[in-house]
Each structure stands twice: as C-alpha cells, then as structure tokens.
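Participant: This structure is in structure tokens; I'll ask about it shortly.
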Amino acid sequence: MKKINFYILMFFISNVQLVTCQEHLKLPSIGQGEYNVGFKSLWAFDKERNYSLQIDSLNTIECEKRPILVNIWYPTMEKNKSKMTYGDYLKIQGDSSCLSDISIKLIDYNREVLSREFFGKLYSKLEQTERDLYDDILNAKTTSILNAEKANGKYPLIIYHSGAASSYTDNFLMLEYLASNGFIVLGSAFQKGDGSTLNIDSDVDSFKDIDFLIDYAISTGLVDVNNITLLGHSAGAQAIMKYQSTGNSKAKNLILLDTTQDNHSLGLNYLWPFTTNVLDNQALFNNNILVFAEPTASFQLIEKLDKAKRTYVTVADLEHNEFISEGLIKRTLNLSSDNSKEYENVKNKYQKVCEIILNYLKPEFYLNKKELNGYDILIEESGKNVMANLKDIDDFDKPPSPRVFVHFYKQYGISKTTKLFNKFKNTHKEAPIYNSNFAFAWLYDNLTKEHIDIAKEIFFNYSEIGKSKSIIKAFENWCWIGKVSGKKEFETECNSRLKFLEGLNPKR
C-alpha cells in the first residue's frame, strides 16, 4: 500500500529554506463545519476474545482479553481551549501492564509507519534534517481539542477502518472534518487477531472489532442507532465489504475509498479474495454504497450488487494514499515553488472527496455536482438500466465512463462498441476508456475461448491508438505479481493469455 518517495533528498537539497524558515509546519486546511472537534482516546477490552502480541521468537505480551483502541472524534461547542498537535494522536497509554506494553509497541509501530510513508525509510535510518522535519510534523496543530465536552444531542455514527500497513490516524483530517459537521467518528488499530503483527487484521477480528465499536458507541447513548456508516480505505474498505458479507452489519451506508479492486477485472479475483465473500453474499448488500476510485474504474464488483443503492465517484490526480491524510501531508513536505500548483490541485481534490462524503450523508450540505461531472471528478448513480437513454452512438457527445462503456458493450456487442470507441479516439485521447489500464481489464475478461474474436477486436482497437506495447507490459506485470504472490493458478492463466496476445499482429 505504501509508496516510497525517492525525491525526498532532492527536496532537502533544493528547498532547505522552506523548512528552516518556517517556525512550524502547518497541516493542510480542508475547511470545518459548524462545530469544533473534540477527541478522546481510550482502551477497552473485548471479554469474548483472548490476545497475546508476539514481540520476538521468545517474548510475548499476554492479555487475558483483547484490547481495543477506541479513538473518538465528536462535535463540541468548546472554543477557547488549545488544539491538539498531530503527535498528540500518537500518545496512547494504558493503566495495566498489558495495556502499557501494547501502547508502547503500537506507538513504535506507528512511528515506523509514518517514517516510511513520509520519507521512504525506517525511522532509525532518518538523517538529522529528516528527524527535525518529522518532529515538525508531529508538532503541527490539528483542529481537535483533547477531551472536550461533547455538544448536546445525538449524532450519526461513522466507524472508520484504516488500510494495510497504515497508522490508526491515517485519515484524521477527514475524520475531523466529518466530526465538525455533526458526526461521531470512531476508529481503532484493528490489530491482527493472532498477535503476529500490529498491522490490521482485515478479517474476522476486524469484524468483531467493528461490532465492538458500534456497541460501545450505542452504549453511550450519544449516537443515532439508525444512522450508522462504515468508512474504509484500501484494505480497510475491503474489510468492511467482507464484514457486510457476514449478515451482521447494522450499517445504513458503506463508503469505500479506493479498494484497489475497482479498476480491475473480476477475472483477477485471485488477487482480491474479498471479492468471493461479496459475490457469494450479494443479497446482503441492500444498503447505500458510495465508492471512490481512479477514473479508469469500471466497478465490476460493485455493479453486481443491484440490491444496493450505489453511487460511483472517480477522481483524477489522486494517488492511492492521497485519498487519506497521510498522502496529503507527504505532499506538504515536498512543497516547493515548482510544484505548488500540483499540491493545490491534490489538496482541493482531497477536500472535494470530503465534501462529497458529507453531501452523501447530509444532502442538505450543498454540493454543485454539475461542476464535478468531468474527467477530473465524475459522479454517477446506479440504475437498473444504465443504457435506458443511451441507445445509439449519436446519444454520446463525449466518451462514456468505463462503467457505462462496459454496459454499452454488454448490451450492443463489440461491433457497435468499436464504432463508439472510434468516434472520440482522436478528439478525446485523455478519456479513461483509452487508458491502457482500462484496456487491460476489459481485455482480460474476454481472453477466453468463447470470446477470442472479441478479444482480437479489442486488442486491434487499442493497437490503432498506440497502446499494444503498454497492454502487453501490463500483462507481464500482472503475471509477475501472480508469480511473486504465490498465486500459481492465476500466474498460469495470465501467462496463457499473454502468450496469445504476443502472437497477434497488432495490425488488422
């Protein structure tokens, strides 16, 4: 999930003045609602589960019950108290031997997570200038007030699940924003159930932690039990999809931030095992789903969930970790006069993601969706008949989204789809349907004996716009991923399809 920043040293060489001349770094500002934000952090125990954390081959931390970190963001009317620093989020502690030891280990773990995210290396490997900058990050002020008094009333509840190899604070800017707009938000560490690592569990113990957090929030009497939302990023989004598949979910809404699967074919489900849970339990997805992804997403999995009311959002220019706070903060560290426009674009996109979520959960929050419906940000609603008003090629005045394009192909076949493809290929080259990543996903689904002629037509279409080599490269990369991940069945299938493609003449 985490990407290494190879340019951090160049930042220090060319932009040292930016760091040293500032008294303190400032966190990105994405706006605030009518409330101030309170924050509390505590440990609670799930009495139904035991837990031990493996320290090394000889040592463990033993707990009679599973400790669950409960982080709570909530609305407050307090105004004149000092705001927390980013580093205050990491100052967890416990009042027993078990909790004290686990708190120390979790603090250490999160320090390494942040070091790798921001600088691409272990904390112990940071240069002194990097450590100073790391300290500046932790000293930056947030919008939260520690242990503030909660505002009166009951509020909708959001449970947030972070992604793999993430900090438990990985999206705090978004969570603060939602709390300031009248939500109570709970997050946790969701640590692996078997104690082998402090990385997220993303399976049964994550599910039980979600149940625990919901029950804990309900027990306070402060939340609306009929208005519960599950929000997750990456593997955290996958985890809440799997959780919904269990049939135990109380969630009214699921909000998925870049699951990483939505851009790909369901034929690649070897690499996303959670898709099996979802496909086997489609009827259980009868709630509302808001899903974010890159513009090349065709949302094949979510499209199967026709009992759910689905809203699809694609956002250009955001890398995977820029759907969360840590990715945006990383951009702040690399800020210079040369990339300030790029930074502002990413910050504005992240803020729009937050606003779209707020509008989804609180429709009274005004959002001009017409301004968003372009290649940069596109919002589409689900419907039983996507093609109801799009029967002919002339009905399109611009290339359709990959999702609509796939529907068009399924309804009208490859011949008519090729004509639609050709209509805009010279005038809208930047459209997502002409992207090699989308081409790979569409091709992979059709490289079977039953659809071999269709696969040839698809490959020829993309070859005519110069994409044949990049498509071949995409297949090579995915076959390699199958090999290194030990997915032998997928590796064999992928190589077979690659061999066929390589044997084709890219010209008709």
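Participant: Which value, in Å², gives the accessible area per residue of the stretch 224-376 when a 1.4 Å probe is used on the protein heavy atoms?
Facilitator: Numbers: 5520 Å² over 153 residues.
That works out to 36 Å² per residue.
Participant: Quick check: pseudo-label points 7 Å beyond the Cα along Cα→Cβ at K47 and Y343, how many nm apart are they?
Facilitator: About 5.2 nm, to one decimal.
Participant: Considering the alpha-carbon set of the chain alone, what are its Rg and its Dmax in angstrom?
Facilitator: Using the Cα atoms of the chain, the pair Rg, Dmax is 23.8, 72 Å.
Participant: With axes computed from alpha carbons, what is the tilt in degrees of helix 436-446 against the longest principal axis of the chain, rounded to the nearest 10 within 0 to 90?
Facilitator: Around 70 degrees separate the two axes.
Participant: Sticking with this structure for a sec: May I ask you to derive the FRET efficiency for D453 and E430 from their Cβ-Cβ distance with R0 = 25 Å, giving the value to the nearest 0.05?
Facilitator: Working: r = 29 Å, r/R0 = 1.17.
With R0 = 25 Å, the Cβ-Cβ based efficiency is 0.30.
Participant: Before rounding to the nearest 500, sum -39500 (n - 2.57) across all DSSP H runs of length at least 4 in the chain and divide by the residue total; then give [θ] at 222 nm in deg cm²/dmol.
Facilitator: On the way: 15 runs with 203 residues, N = 508.
After summing the helix terms and dividing by residue count, I get -13000 deg cm²/dmol.
Participant: Taking the alpha carbon gyration tensor of the stretch 345-500, what are the square roots of 5 times its eigenvalues, largest first, to the nearest whole Å?
Facilitator: Numbers: eigenvalues 195, 96, 46 Å².
Each semi-axis is √(5λ); the values are 31, 22, 15 Å.
Participant: For the pairs K91/K330; K65/K105; K250/K304; K40/K347; K91/K347; K81/K154, note any where the Cα-Cα span goes beyond 25 Å. Walk me through the numbers before you get to the answer.
Facilitator: Details: K91/K330 21 Å; K65/K105 17 Å; K250/K304 21 Å; K40/K347 27 Å; K91/K347 27 Å; K81/K154 23 Å.
The pairs that break the limit, which is 25 Å between Cα atoms, are K40/K347; K91/K347.
Participant: On a 0 to 90° scale, report how tilted helix 128-139 is relative to the longest principal axis of the chain, with both axes built from alpha carbons and the result rounded to the nearest 10.
Facilitator: 80
Participant: Note down the net charge around N181, summing +1 for each Lys or Arg and -1 for each Asp or Glu among other residues with Cβ under 14 Å from its Cβ.
Facilitator: Its environment carries a net charge of -3.
Participant: Still on this model: Could you please state how large a percent of the accessible area of the chain is carbon and sulfur, counting protein chains only and using a 1.4 Å probe?
Facilitator: Numbers: 11030 of 22720 Å².
Carbon with sulfur: 49 percent of the solvent-accessible area.
Participant: Let me ask another. Rounded to whole Å, give me the distance from the Cα center of the stretch 57-97 to that of the stretch 235-268.
Facilitator: First find each Cα centre; the distance between them is then 27 Å.
Participant: Using only Cα atoms, find the angle between the long axis of helix 97-119 and the longest principal axis of the chain, and express it within 0 to 90 degrees, rounded to the nearest 10.
Facilitator: For 97-119 against the chain, the angle is about 50 degrees.
Participant: So, one more: Of the beta bridges DSSP finds with both residues in the chain, what % are antiparallel, to the nearest 5? Provide the component values of the computation, followed by the final result.
Facilitator: Details: 26 of 56 bridges.
Within the chain, antiparallel bridges account for around 45 percent of the total.
Participant: Order these peptides, 400-409, 222-231, 27-36, by their mean beta-carbon neighbour count within 10 angstrom, highest first.
Facilitator: Values: 400-409: 21.8, 222-231: 19.1, 27-36: 16.2.
The densest-packed peptide leads the list: 400-409, 222-231, 27-36.
Participant: Please go through the stretch 149-251 and write out the trypsin sites (Lys or Arg not before Pro) that DSSP classes as loop and that have at most 14 other C-beta atoms within 10 Å.
Facilitator: Working: sites: K150, K154, K192, K208, K242, K250; in loops: K154, K192, K250.
Passing both the DSSP loop test and the Cβ count: K154.
Participant: OK, next. Can you check what the net charge comes to around F212, using other residues whose Cβ is under 14 Å from the Cβ of F212 (Lys, Arg +1; Asp, Glu -1)?
Facilitator: Taking every other residue near F212 into account, the sum is -1.
The values are calculated or read from the model by the stated rules, or taken from the named source; none is laboratory data. None of these values were measured; they are calculated from a predicted model. Note that we place each Cβ from the backbone using ideal geometry, even for glycine, and neighbour counts take in every protein chain shown. All accessible areas refer to the heavy atoms of the entire protein, side chains included, with ligands and DNA or RNA removed. Shrake-Rupley method; radii C 1.70, N 1.55, O 1.52, S 1.80 Å.
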